[in-house]
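**Student:** Encoded as structure tokens, here's the structure I'll be asking about.
The values are calculated or read from the model by the stated rules, or taken from the named source; none is laboratory data. This one's a predicted model, so the numbers in the text were calculated from it and none came from an experiment. Methodologically, a virtual Cβ is constructed for each residue, glycine included, from the backbone with ideal geometry; neighbour enumeration extends over all protein chains shown. Accessible surface areas use protein heavy atoms only, side chains included; no ligands, DNA or RNA. Shrake-Rupley method; radii C 1.70, N 1.55, O 1.52, S 1.80 Å.
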Amino acid sequence: MAMDRFPAPQPPAMSDPVTLNVGGKLYTTSLATLTSFPDSMLGAMFSGKMPTKRDSQGNCFIDRDGKVFRYILNFLRTSHLDLPEDFQEMGLLRREADFYQVQPLIEALQEKEVELSKAEKNAMLNITLNQRVQTVHFTVREAPQIYSLSSSSMEVFNANIFSTSCLFLKLLGSKLFYCSNGNLSSITSQLQDPNHLTLDWVANVEGLPEEEYTKQNLKRLWVVPANKQINSFQVFVEEVLKIALSDGFCIDSSHPHALDFMNNKIIRLIRYR
């Protein structure tokens with residue numbers, strides 16, 4: 001009896017979908033996209049010139065950063081480098097582009113870094129300050145087993161800082177520290193937005209026991225390396241101006257109104273290079 005012959009499996013067509021596992025993140029694309037730059041490592045891997053690894057699901061596995069691979073894949077698709085305005089992982093993306101050896105992408109990243117460098121040279125810094133006085137209540141231990149309720153006025157400060165220079169905000173964040181629970185912690189961790197920073201702190205409160213600052217979540221502000229506590233807006237403005245002027249900023253004489261500046265309500269500085 002003649003046995004049926006099964007046709008040999010055909011290699012995938014260039015337009016067939018291919019699923020990649022890049023550092024645990026899955027991407028679906030086509031062979032045509034992956035081999036769009038034949039001289040790249042991806043071109044070699046998916047044209048059969050280099051072996052590929054598979055995960056447990058049979059997907060092609062690449063042990064690299066999965067998050068930034070989206071930008072590399074989009075470049076393979078369009079030959080254009082499209083990054084969000086607040087993109088903060090240029091160094092990582094450059095290293096990944098070097099690994100995959102997509103030369104046009106490497107060149108596009110170099111041009112983008114030159115563009116960003118020029119943009120960083122000219123910058124604006126705007127600081128809006130607010131201050132209020134509130135009453136804080138606390139207990140004072142007068143003797144063993146004897147406590148009394150006390151209160152005192154407390155100055156509360158708020159500073160909203162915006163700068164077009166992400167690097168300057170990082171510099172500022174490296175020099176300002178919160179004092180909480182007896183420890184200093186850098187405010188760099190407060191930088192949720194690379195262009196914006198909000199600070200809230202209090203001045204020393206007369207008669208307030210140290211443990212009450214922690215109990216009531218009252219943060220004080222320090223500047224280093226001067227190791228100076230900031231107990232007034234005047235000191236805050238002086239210290240920020242030192243940092244900003246050393247980084248090339250100067251006071252914008254056209255804005256704000258001179259009275260606002262003298263009253264420490266608004267500070268605007270500019271930098272031209």
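**Student:** Please name whichever of L116, N227, A143 sits farthest to the positive end of the charge dipole of the chain, dipole taken about the Cα centre and charges placed at Cβ: Lys and Arg +1, Asp and Glu -1.
**Tutor:** Result: L116.
**Student:** For the chain, take the longest principal axis of its alpha carbons; what is the angle in degrees between that and the long axis of helix 69-78, to the nearest 10 within 0 to 90?
**Tutor:** That works out to roughly 50 degrees.
**Student:** In addition: By how many nm would the segment from N217 to C179 grow when fully extended, if each residue of separation counts as 0.36 nm and the alpha-carbon distance is taken off?
**Tutor:** So the extension gain works out to 12.6 nm.
**Student:** Need the list of aspartates and glutamates near K265 for cross-linking: C-alpha distance under 20 angstrom, and skip anything on the same chain fewer than eight residues off.
**Tutor:** By straight Cα distance, K265 reaches E155, D200, E238, E239, D252.
**Student:** Can you list residues from other chains, or at least 5 along the same chain, whose modelled amide H is less than 5 Å from the amide H of Q101?
**Tutor:** For Q101, the qualifying residues are M41.
**Student:** While we're here: Over all directions, how big on average is the projection of the convex hull of the alpha-carbon atoms in the chain, in square nanometres? Could the numbers behind the result be given before it?
**Tutor:** Working: hull surface 103.1 nm².
Over every viewing direction, the Cα hull of the chain projects on average to 25.8 nm².
**Student:** Mind pulling the angle between the C-alpha long axis of helix 233-246 and the longest principal axis of the chain? Nearest 10 degrees, somewhere in 0 to 90.
**Tutor:** 40
**Student:** I've got another one for you. Counting only heavy atoms of protein chains, what accessible area per residue, in Å², does the chain have with a probe of 1.4 Å?
**Tutor:** Accessible area per residue, the chain: 60 Å².
**Student:** Using amide H atoms built in the peptide plane, which far-off residues or other-chain residues are under 5 Å from K219 H to H?
**Tutor:** When sequence neighbours closer than 5 places are left aside, the close amide H contacts are V202.
**Student:** Check cross-link reach from K53 to the lysines: straight Cα distance under 23 Å, and skip same-chain residues fewer than eight apart.
**Tutor:** Qualifying lysines at Cα under 23 Å: K25, K67.
**Student:** Nearest 10 degrees is fine. How inclined is helix 90-100 to the longest principal axis of the chain, computing both from alpha carbons?
**Tutor:** 20
**Student:** Suppose every Lys and Arg Cβ carries +1 and every Asp and Glu Cβ carries -1, with no other charges. What dipole size does the chain come out with about its Cα centre, to the nearest 20 debye?
**Tutor:** Working: 27 positive and 30 negative charges, 54 e Å.
Computed charge dipole of the chain: roughly 260 debye.
**Student:** Taking the Cβ of I62 as the center, what net charge do the other residues with Cβ under 12 Å away carry, scoring Lys and Arg +1 and Asp and Glu -1?
**Tutor:** Numbers: positive: K25, K53, R54, R64; negative: D55, D63, D65, E96.
With Lys, Arg at +1 and Asp, Glu at -1, the net is 0.
**Student:** Which of the lysines could be linked to K228 by a straight reach, that is with a Cα gap under 17 Å, when you skip same-chain ones fewer than 8 residues away?
**Tutor:** Correct list for K228: K175, K219, K242.
**Student:** Next question, about the same structure. Based on the Kirkwood radius over alpha-carbon pairs, what is the Stokes-Einstein translational diffusion coefficient of region 91-176 at 37 °C with 0.692 mPa s viscosity, in µm²/s?
**Tutor:** For these conditions, the coefficient is 180 µm²/s.
**Student:** Quick one: the Cα spread of region 77-236 along its three principal axes, in angstroms, biggest first?
**Tutor:** Ordered largest first, region 77-236 gives principal extents of 75, 30, 29 Å.
**Student:** Just by accessible area at a 1.4 angstrom probe, what is the order of F61, F177 from largest to smallest? Let's see the in-between values first.
**Tutor:** Details: F61 65, F177 45 Å².
I get F61, F177, largest accessible area first.
**Student:** Also: Let me check I've understood the local charge: for V202, count other residues with C-beta under 9 angstrom from its C-beta, Lys and Arg +1, Asp and Glu -1. What total comes out?
**Tutor:** Every neighbour counted, the sum reads 0.
**Student:** Would you mind counting up the charge near A108? Only other residues with Cβ under 11 Å from its Cβ, with Lys and Arg at +1 and Asp and Glu at -1.
**Tutor:** -3
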